[in-house]
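In what follows, a structure is listed as C-alpha cells, so that the remarks can point back to it.
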Number of protein chains: 2
Amino acid sequence: MCQLLALSCAEPTDVSFSLTGFAARGGLTDHHVDGWGVAFYEDRACRVFVDEKPAYQSPVAEFLRSYPIKSRNVVAHIRKATQGGARVENCHPFMRALRGQQWVFAHNGDLQPLGESEQGPYAPVGTTDSEAAFCFIMNRLYAHFATHADTDVDDVDAVFHVIEQATRTLNPYGIFNFVLSNGTAQFAYCSTRLSYVIRHWPFSSARLVDGDLTVDFAERGTPADRTAVIATTPLTDEVWTTCKPGDLLMFRSGALVQRAHVPVPAEVLATSKYAPSELSAVPA
Amino acid sequence: MCQLLALSCAEPTDVSFSLTGFAARGGLTDHHVDGWGVAFYEDRACRVFVDEKPAYQSPVAEFLRSYPIKSRNVVAHIRKATQGGARVENCHPFMRALRGQQWVFAHNGDLQPLGESEQGPYAPVGTTDSEAAFCFIMNRLYAHFATHADTDVDDVDAVFHVIEQATRTLNPYGIFNFVLSNGTAQFAYCSTRLSYVIRHWPFSSARLVDGDLTVDFAERGTPADRTAVIATTPLTDEVWTTCKPGDLLMFRSGALVQRAHVPVPAEVLATSKYAPSELSAVPA
C-alpha cells in the first residue's frame, strides 16, 4: 500500500515539518520504495516534484528539505507499486488542467481495470490504475461543467457533488483511498484507511512518528493559522481523527467544510488485508 | 524578449552543458530576470521545473546543475515578462496532456489578445499571451484527432500539419518564436529569431558563449549520439544555422526531419525592434 499526505492551510505554510516524517516512510521506516511525489500550490500555480527513487534516498527530496516552499494546499504520495513499473510517469501525484485550474490526485489502493474509459479529453500517460481513475474523474468534471453553463469549477459544492458521483461509480473496482485538490479545496476519500488532524491556535508541540524531529507549533503559529493534515496513518503523536470507510471529506483553509458518505462495497472491504476492526485504526 | 532552448537527442543525454550557459543569461549576462523553467522528457514522463526567480540565483537551477537528468527531449525558457507578472503560473514551459502524451511549450515574443479562445478543453491557468497561444494549438490538436479517427498523435506528420495551420492563424497577432514538444518530436518556429546546431560524431569541443566552461564532446560522444540544439541565439562558438523568419521545423532524434514555411506578416516584422537584416542573425 502507498502512503497519502495532503495539507489544507488557512495561510501559506512551510510544510517541511510534515514532509520530513512522511519522506522517511519511503524506504526507511516503511517499505514504500517505488517512487514518491509532492505537489505544492502557490496560488493558481502548482509545482509537482516526483522521483522514481525511494524518498529517503532521493536527491529531489533532499533538495526540498533545504528549500521549503510555502503553500496553502499540498498533495504528496509515497509509492509501493501494485500496478505499473517504478517509472516517473507512474509516480503520483498526477496533474491535469481543467478550466484554468491545475488539479492533482494521489491514490492509495488497488483497482481492477476500468475497461474502456469514458469519452472525454483526459487520458493516462502512464500505466497505473490510479491515473486511469483520476482521468475518469476529470472527464466527469469536464462533462459536468461543459453541460452546466450556470456553474463553474469555482463552485466547490458542485465539484464535490461530481466527485461524490464518480467515487460511487469507481468504488466497486477496488480499494480507493484518495486525495484530490484543485488548489482551493482538498477532497479526501476513505475507502479503507485515512486519518486527519486539524491544527489551530493555540498550537502545541507535535512529535513526528517517523523521525526524531519535534517542532513546537506554539512558537510559530498565529491565531490566523489553521492547518488540516490528512494522511493514510497519523504522522505525529497529536490526536488524529480516524475516518470511517465511505467518508468523503472536503477541506478548505484548514477546516473540514463538507462531508458525504459513499458506501464501500462489502466485497471490496473483504479484499482488504485489514480486518474491519483495523480499518482506519490508528496503528499502535 | 525571452530566451528559448530546446534539445532533440538520439540517445538520452546529460544536458547540463547547454543549461549552464543558458541559465547565465537569466540575469547575469543578459536581463531575463522574470523566471525560468525547463522540461525534461524521460520516455513518456515529463518533469517540469520552474521558478519565478532569475535563473542565475535560483536554488532550483543550482539543484539541477548538481543533479543532471538524462533526456532525449528538453524544452527550456528564461523569461523577460511582456505580459503577466513574475509568478510561477506564468513561467514557461507550460505543460498539458493530450491523448496519453505530455506536451510542453515555450514562447519568445509578444502577442495581441487572441479574443475568445476556440471551443475546446484547454484553457490558460496564468495570464500570459504565451499560454493562451499554447492552449489554442492544443485545442486545434484535440479537435483534429477527435474528428480524424484514422490517425493519432503518434503520426508526427499529422501533428506537424496541425501546428503549421495553427501557426498561420496565430502569426498575425505578433512575434511568435516558439518551441513545442510531445516527447518524441521537437517543433520550432522562427518568427524573428531562432538558430540551431546539430552535433554528431566525431564531436569537437565547444565553448559556451555565456560562461567559462568548455566541454570536449569528442571525449564523450559515440557514433550513435546526435543532438540538435535549438536556441534564440547561439549558445556556443560552434557553427549554428540561422533560421529564416517563417521557418517551421521538426526535429527527431537529433535530426531535422521536416520543414515548412509559414510567412510572418510584414506588419509583425515591422513591429520587431530588430532591423530585417538583424533578424535571426548570429550576434557578434
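Chain B and chain A together bury an accessible surface of about 2400 square angstrom, both sides counted, with a 1.4 Å probe and no ligands or nucleic acids included. When A:ALA266 is represented by a point 7 angstrom out along its Cα-to-C-beta vector, the spacings to that point in the other copies are 8.1 nm, nearest first.
Per residue of A:125-134, other chain Cβ atoms within 10 Å of the residue Cβ number 2 on average.
Cα-Cα over 32 Å: which of B:LYS80/B:LYS244; A:LYS80/B:LYS53; A:LYS70/B:LYS70? Table pairs above 32 Å Cα-Cα are A:LYS80/B:LYS53. Peptide packing for A:76-82, B:135-141, B:42-48 was compared via the average number of neighbouring C-beta atoms within 10 Å per residue; ordered from the highest value, the list is A:76-82, B:135-141, B:42-48. For B:ARG65, the solvent-accessible surface computed with a 1.4 Å probe is close to 90 Å², ligands and nucleic acids excluded. A:GLU52 exposes around 60 Å² of accessible area when a 1.4 Å probe is run over every protein chain in place. Within 10 Å of the Cβ of each residue in B:86-98, the mean number of Cβ atoms contributed by other protein chains is 4. With every protein chain in place and a 1.4 angstrom probe, the accessible-area ranking of B:MET95, A:MET250, largest first, reads B:MET95, A:MET250. With its label point defined 7 Å out from Cα along the Cα-to-Cβ axis, B:ASP152 lies at 3.5 nm from the matching points of the other copies, in increasing order.
Remark: label point of B:ALA255 defined 7 Å out from Cα along the Cα-Cβ vector; separations to the same position in other copies 6.3 nm, ascending.
For the peptides B:101-107, B:84-90, B:150-156, the ranking by mean Cβ contacts within 10 Å, running from highest to lowest, is B:101-107, B:84-90, B:150-156.
The values are calculated or read from the model by the stated rules, or taken from the named source; none is laboratory data. For clarity, every value in this text was computed on a predicted model and none was experimentally measured. Glycine also receives a Cβ, built like all others from the backbone with ideal geometry; neighbour counts cover every protein chain displayed. With ligands, DNA and RNA removed, areas are computed over all heavy atoms of the protein, side chains included. Shrake-Rupley method; radii C 1.70, N 1.55, O 1.52, S 1.80 Å.
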